[in-house]
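The values are calculated or read from the model by the stated rules, or taken from the named source; none is laboratory data. Source: prediction; values computed, not measured. Cβ: placed from backbone, ideal geometry, glycine included. Neighbour counts: every protein chain shown. Please note that ligands, DNA and RNA were not included when accessible areas were found on the heavy atoms of the full protein model with its side chains. Shrake-Rupley method; radii C 1.70, N 1.55, O 1.52, S 1.80 Å.
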Amino acid sequence: DRAVQWAEECGLQIVLDLHGCPGGESGDAPCGRRQRPEGTWHWRNWRMRQSLEALEVVARRYAGRACVTGIEVCNEPSNTVPVRSLCRYYAQAVQTIRAAGMTKAVVVLPIFQRCEFQVVKVFYKMTGGKLDRICFDQHLYHCFDDFHGKTLAQQLRATAENAEMLRHYPMVVGEWSL
């Protein structure tokens with residue numbers, strides 16, 4: 001509450017982020033849990049109903065705050081969550097947030113380790129494209145795995161590919177590195 005108040009006093013805009021969902025949206029540490037041994041977390045461990053309840057509480061609490069211009073519905077959902085299940089959760093999250101009175105804030109839907117086209121396509125087909133003030137969140141890290149040992153030219157080509165993706169969809173880059 002104090003951070004939101006300070007943001008308002010300073011004229012800042014903030015995005016609230018459910019960065020760790022009940023049961024975890026993955027078995028990895030970035031979702032607010034200690035990393036589990038490989039194979040011990042299953043996507044059905046993510047308690048989506050409780051996650052929606054948490055979003056409702058947060059949306060209700062901060063719906064009238066001018067500085068809250070966005071709310072993110074989870075962090076980095078596992079790529080083992082079926083796309084249709086993930087998109088169904090996203091559609092329910094948008095409806096829950098809007099019904100709780102947060103009608104002007106952008107609802108941010110993460111795309112993590114997935115083909116953005118597939119997630120967006122399924123989401124828009126499922127919702128009929130009727131939901132407004134939503135955007136997708138990509139995390140563009142250029143410091144892990146495939147980026148080790150790339151030349152400057154290869155890094156720049158990857159950046160150009162990212163730029164093309166960002167021009168094509170309503171998107172924000174919520175996490176990044178060089």
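Things to note:
- Counting only residues that are touching a strand residue (DSSP E or B) at 6+ places or on another chain (Cβ under 9 Å), within 19 Å of residue 89 (Cβ to Cβ) and open to solvent by 70 Å² or more (accessible area, probe 1.4 Å), segment 131-178 holds 1 of them.
- Selection count, segment 54-89, where residues are assigned to a loop (DSSP other than H, G, I, E, B), closer than 23 Å to residue 115 by Cβ and either open to solvent by 40 Å² or more (accessible area, probe 1.4 Å) or polar (S, T, N, Q) (or both): 5
- Yes/no for residue 80 being among the β-branched types (Val, Ile, Thr) and either in contact with a Leu (Cβ under 7 Å, 6 or more places away or on another chain) or at pLDDT 95 or above (or both): no
- Verdict on residue 38 being of a type in the set (D, E, K, R), under 19 Å from residue 114 (Cβ atoms) and in a loop (DSSP other than H, G, I, E, B): no
- Filter result for residue 121 (assigned to a loop (DSSP other than H, G, I, E, B) and free of Cβ contacts under 8 Å to residues at least 60 places away in the same chain): no
- Any chance residue 113 is open to solvent by 70 Å² or more (accessible area, probe 1.4 Å), outside any helix (DSSP H, G or I) and either within 27 Å of residue 63 (Cβ to Cβ) or of a type in the set (S, T, N, Q) (or both): yes
- Top-ranked residue of segment 1-35 - restricted to ones that are part of a helix (DSSP H, G or I) and free of Cβ contacts under 8 Å to residues at least 24 places away in the same chain, ranked as surrounded by the fewest Cβ atoms within 10 Å (Cβ to Cβ): 2
- Residue 51 being part of a helix (DSSP H, G or I) and within 16 Å of the chain's Cα centre (by Cα): yes
- Inter-residue pairs, beta-carbon under 6 Å, first charged (D, E, K, R) and in segment 135-154, second surrounded by 10 or more Cβ atoms within 10 Å (Cβ to Cβ), 6+ apart: 137/108; 137/110; 137/172; 137/174
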